[in-house]
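Please read the structure below before turning to the comments.
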């Protein structure tokens, strides 16, 4: 199994996707998950004024570094609530899918939506309408859309898909060959069902992973061994379902970024870890992944 990580790892440092790829490669990774959320946040890249220019720059950087983009993540949003920006949000997702097609990225994670007061059945129905607009674009570009298990939120009157059973039920309900699953191990750690059992439930639907850790009470996005995630349960589950995809990290908060840290009124000199420490942390992330896969005789690079 090959190791990968997200270009979102360096979101807080204000650097380009191309420079991010250089840091990721330096840490040991040859495969990456492209974060469209970074383009959205900065209004550039594929979601800026010069997407074709960015495409060429990205292709050149990937060729120079001998790297490959193996999955991607669309920006977060509110796809099923009726609001003035909904149409623009849907069109933005279509642009992301088309960008994947141009880059040969086979998978894009696009979250299901939720709205207070909806039943499970109503949530499924409203999400079907959302994905039905995207799937023809996915088919045309030969890109799989992956729905992800959310992190658990215990909010009265609010339902969203946060477990393997409901995610499988939704995918069965959709019954579309270009809609599959991304299993987020950190989100799975926040519910009572084991990683192994969850992966067995989803089985062949699992086309990609988000590997991250937490202590079960917050969606922390830490690296493995920094939380309570059972790595053995995860790896046993992946082996049981014959998973053949990439072992992709979404452990962006190593070290914890400034926005999650308590502030001091008198000084902010130490709010954000400097870039050289972040780069060291990225190398640690690669070594952690290598250790995990090697322990199960699955490490390929």
Number of the condition not met by residue 202 [criteria: (1) closer than 23 Å to residue 294 by Cα; (2) crowded, with 20+ Cβ neighbours inside 10 Å]: (1)
Residues satisfying the stated conditions in segment 165-177, i.e. over 23 Å from residue 249 (Cα atoms) and in contact with a strand residue (DSSP E or B) (Cβ under 9 Å, 6 or more places away or on another chain): 170, 171, 174, 176, 177
Some residue of segment 259-279 being under 30 Å from residue 112 (Cβ atoms) and either without any contact (Cβ under 8 Å) to a residue 12 or more places away in the chain or not in a strand (DSSP E or B) (or both): yes
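Examine segment 234-245 for a residue that is within 30 Å of residue 274 (Cα to Cα), in contact with a helix residue (DSSP H, G or I) (Cβ under 8 Å, 6 or more places away or on another chain) and surrounded by 18 or more Cβ atoms within 10 Å (Cβ to Cβ), and state whether such a residue exists.
Initial filter on segment 234-245 (within 30 Å of residue 274 (Cα to Cα)): none.
Checked segment 234-245: no residue is within 30 Å of residue 274 (Cα to Cα), in contact with a helix residue (DSSP H, G or I) (Cβ under 8 Å, 6 or more places away or on another chain) and surrounded by 18 or more Cβ atoms within 10 Å (Cβ to Cβ).
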Candidates 158, 167, filtered to the one that is under 21 Å from residue 125 (Cα atoms) and at pLDDT 95 or above: 167
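In a strand (DSSP E or B), under 16 Å from residue 72 (Cα atoms) and either under 18 Å from the mean Cα position of the chain (by Cα) or in contact (Cβ under 8 Å) with a residue 12 or more places away in the chain (or both), is that true of residue 147?
Working: in a strand (DSSP E or B): yes; under 16 Å from residue 72 (Cα atoms): yes; either under 18 Å from the mean Cα position of the chain (by Cα) or in contact (Cβ under 8 Å) with a residue 12 or more places away in the chain (or both): yes.
Answer is yes for this residue.
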Enumeration of residues in segment 162-187 that are touching a residue at least 40 places away in the same chain (Cβ under 8 Å) and under 20 Å from the mean Cα position of the chain (by Cα): 166, 170, 178, 179, 180, 182, 184, 185, 186
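Of everything in segment 28-39 that's assigned to a helix (DSSP H, G or I) and in contact with a strand residue (DSSP E or B) (Cβ under 8 Å, 6 or more places away or on another chain), which residue is surrounded by the most Cβ atoms within 10 Å (Cβ to Cβ)? Please lay out each step first, then the result.
So in segment 28-39, the residues assigned to a helix (DSSP H, G or I) come out as 36-39.
Now drop any that are not in contact with a strand residue (DSSP E or B) (Cβ under 8 Å, 6 or more places away or on another chain), which leaves 36-37.
Details: 36: 27, 37: 20.
Top of the filtered list is 36.
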Residue in segment 64-74 that is touching a strand residue (DSSP E or B) at 6+ places or on another chain (Cβ under 8 Å), at pLDDT 95 or above, over 26 Å from residue 301 (Cβ atoms) and surrounded by 18 or more Cβ atoms within 10 Å (Cβ to Cβ) present: yes
Given (1) loosely packed, with under 14 Cβ neighbours inside 10 Å; (2) touching a strand residue (DSSP E or B) at 6+ places or on another chain (Cβ under 7 Å), number of the condition residue 109 does not satisfy: (1)
Failed condition for residue 232, given (1) more than 20 Å from residue 32 (Cβ to Cβ); (2) modelled with pLDDT of 95 or more; (3) not in a helix (DSSP H, G or I): (3)
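Mind checking which residues of segment 65-105 are under 15 Å from residue 127 (Cβ atoms) and either without any contact (Cβ under 8 Å) to a residue 12 or more places away in the chain or in a helix (DSSP H, G or I) (or both)?
The answer is 82, 86, 89, 90, 93.
The values are calculated or read from the model by the stated rules, or taken from the named source; none is laboratory data. Everything numeric here is computed off the predicted structure, so don't read it as measured data. Don't worry about glycine lacking a Cβ; one is built from the backbone with ideal geometry, like all the others, and counts go over all protein chains shown.
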